[in-house]
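Step one of this worksheet: look at the structure below.
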């Protein structure tokens, strides 16, 4: 038996708080002391009469325990939340019973869960899946104050606000009690709290921290471990950092890692297949039989028809299947506002929904689609886009030899086109070839393009401009004024940015842009980095080139 540890709890003897307290420090000799009120438990911890205290914090059905919130504000820094314990109760318990510790009177309602706060003089250390609790108490009121607080937390620092409650201060004002995902020692959380104090100074707002502890949820997620097959490339590294930062355990398996594909599957709740297109179906078929019921298999490739079919055919019954396409590369710093496409199947259930919810939570723009429609869209956005820009480069090379004289003759439209052409030429040619090969809808899209080009081009060569004029007018009408206006506004914003970059380039005496090393600073990526940098708008398969079996 370890050393004695005195724990105060909200009495009387036999209360739910005592039951929660008995779950603490099994290696210590617990000395449990009942206190008559929440106030008394807090005071005992603040005055160091007890090493820790246990009080009810929040009920799943009744909400926060107001007496605990008020004491957390009053004793912030002296009696902090260091841990949260969740008890499953057979029936819902009244808020008043939680406040007083009584447990005899139950409402005839559905089962309830209650969080209990373990109080101590310090904060819990970082675990990687933490929460930080604070209270913001503005002493002056103004329109938009709460909106400003939320903007700083969510928009400026990208933190998830997992709960917020308000309590009156008995003077006509309110205090805002907030729980953030992340630990007080995390850079984003620490900087956010400093920024809140600075930017709310004019509102005479107090920012008090009263807890940093391992995060506990009323309903724990079923997905706790994420496996990444093809995880040692750049995009695999992005996934590892993303899921690890979100509090998940992550296993990565590659062609040369000690962890085999089969071991990765065995140790994971969900597994992402993140290998080049040409190997995706083969890897899926080889690992599919290793799955067991209750797991989730996800592919992340820029085509969907063949990988999704292979997943459905390869895994045992009871394994969920979900198609995914992250339409960005590993250089994006955060998920917010990035496109992520999901193809749900007849075998997509609660695990698939939970997995998709991870991306939604961190700000991705989610689109649900079918494998066939996904590949039709990608045939336009990838196959056709790559084809036309490579063809444009061919014309440029054959007619002009290079870009030396083009800058003086370029228009805003041609500069935009050149930027896209340059991005595509910076991609891995093998990956582009694989997209053309494996998207079954690519040939039809290119065939349609050639048909239109031949028809309009033949007319122009014969001096007939009317077909081109009609096509332009009809397309403008069909696409609509809203779309055209948005595209024009976006192009003007890009042109303004290009103008600023051009000034910088002229200072470096580089008329068409930076050298390869400088191009990265401008956001374009150098040709020498082609096999390492992702095409941000064109998918991820390039980045796992080293993961070919």
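Values quoted throughout were computed directly from the atomic coordinates according to the rules given, and no laboratory measurement underlies them. Everything quoted here is computed from the prediction, not taken from an experiment. Ideal geometry is used to build each Cβ from the backbone, glycine not excepted, and the neighbour counts take in all protein chains shown.
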Checklist entry - Over region 303-344, what per residue volume does the convex hull of the Cα atoms give, in whole Å³? => result 92 Å³
Item to check | Packing-based ranking, highest mean first, of 306-315, 485-494 given that Cβ atoms within 10 Å are counted | outcome: 306-315, 485-494
Item to check | Sorted by Cβ density within 10 Å, fewest first, the residues 418, 5 | outcome: 5, 418
Checklist entry - For the pair residue 174 and residue 49, what calculated FRET efficiency results from E = 1/(1 + (r/R0)^6), where r is the Cβ-Cβ distance and R0 = 22 Å, to the nearest 0.05? => result 0.10
Next on the checklist: What distance in nm lies between label points placed 7 Å from Cα along the C-beta direction at residue 204 and residue 500?
Outcome noted: 3.9 nm
Item to check | Estimated distance in nm for a label pair at residue 160 and residue 266, the labels positioned 7 Å out from Cα along Cα-to-Cβ | outcome: 3.1 nm
Checklist entry - Dividing the convex hull volume of the alpha carbon atoms of region 130-214 by its residue count, what do you get in Å³ per residue? => result 81 Å³
Checklist outcome for this item: To the nearest 0.05, the calculated FRET efficiency linking residue 151 and residue 391 through their beta-carbon distance, R0 being 41 Å, is 0.35
Checklist entry - When the chain is fully extended, how far beyond the present Cα-Cα distance does residue 368 get from residue 334, taking 0.36 nm per residue of separation? => result 10.2 nm
Checklist entry - Helix 466-479 versus the longest principal axis of the chain: what angle, 0 to 90°, nearest 10, using Cα atoms? => result 10 degrees
Item to check | Intensity falloff of the chain expressed as log10 I(q)/I(0), Debye formula with alpha-carbon point scatterers, at q = 0.05, 0.07, 0.10, 0.12 Å⁻¹ | outcome: -0.30, -0.57, -0.99, -1.20
Checklist entry - How much mean residue ellipticity at 222 nm does the chain get from its helices, if each DSSP H run of length 4 or more adds -39500 (n - 2.57) and you divide by all residues, to the nearest 500 deg cm²/dmol? => result -12000 deg cm²/dmol
Item to check | Gain in span if fully extended, residue 66 to residue 4, counting 0.36 nm per residue against the direct Cα distance | outcome: 19.2 nm
Item to check | Using alpha-carbon coordinates, inclination of helix 350-361 to the longest axis of the chain, degrees | outcome: 80 degrees
Checklist entry - For region 1-91, with equal point scatterers placed on the C-alpha atoms only and solvent neglected, what are the log10 I(q)/I(0) values from the Debye formula at q = 0.25 1/Å, to two decimals? => result -1.42
Next on the checklist: Between residue 489 and residue 313, how high is the FRET efficiency from 1/(1 + (r/R0)^6) when r is the Cβ-Cβ distance and R₀ = 41 Å? Nearest 0.05.
Outcome noted: 0.30
Checklist entry - Any idea how far the Cα center of region 422-450 sits from the one of region 352-393, in Å? => result 14 Å
Checklist entry - Using 7 Å Cα-to-Cβ label points, what is the residue 417/residue 139 separation (nm, one decimal)? => result 6.5 nm
Checklist entry - If you take the C-alpha gyration tensor of region 225-373, multiply each eigenvalue by 5 and take the square root, what semi-axes do you get, largest first, in whole Å? => result 20, 18, 15
Checklist entry - For region 219-261, what log10 I(q)/I(0) values come out of the Debye formula at q = 0.27, 0.28 1/Å, with one point per alpha carbon and no solvent? => result -0.90, -0.95
Checklist entry - Against the longest principal axis of the chain, how steep is helix 412-425, in degrees 0 to 90 to the nearest 10, with axes from Cα atoms? => result 80 degrees
Checklist entry - If you rank 423, 399, 365 by fewest surrounding Cβ atoms within 10 Å, what's the result? => result 399, 365, 423
Next on the checklist: Per-residue counts of other Cβ atoms within 10 Å, averaged by peptide: what ranking do you get for 184-197, 112-125, highest first?
Outcome noted: 112-125, 184-197
Next on the checklist: Taking the number of other C-beta atoms within 10 Å as the exposure measure, put 369, 170 in order starting with the fewest.
Outcome noted: 170, 369
Checklist entry - How long is the gain from residue 479 to residue 187 if the chain were fully straight, where each residue apart is worth 0.36 nm and the alpha carbon distance is subtracted? => result 100.6 nm
Next on the checklist: Could you work out the relative contact order of the chain? I mean the mean sequence separation of Cα pairs under 8 Å and 6+ apart, divided by the number of residues, in percent.
Outcome noted: 11 percent
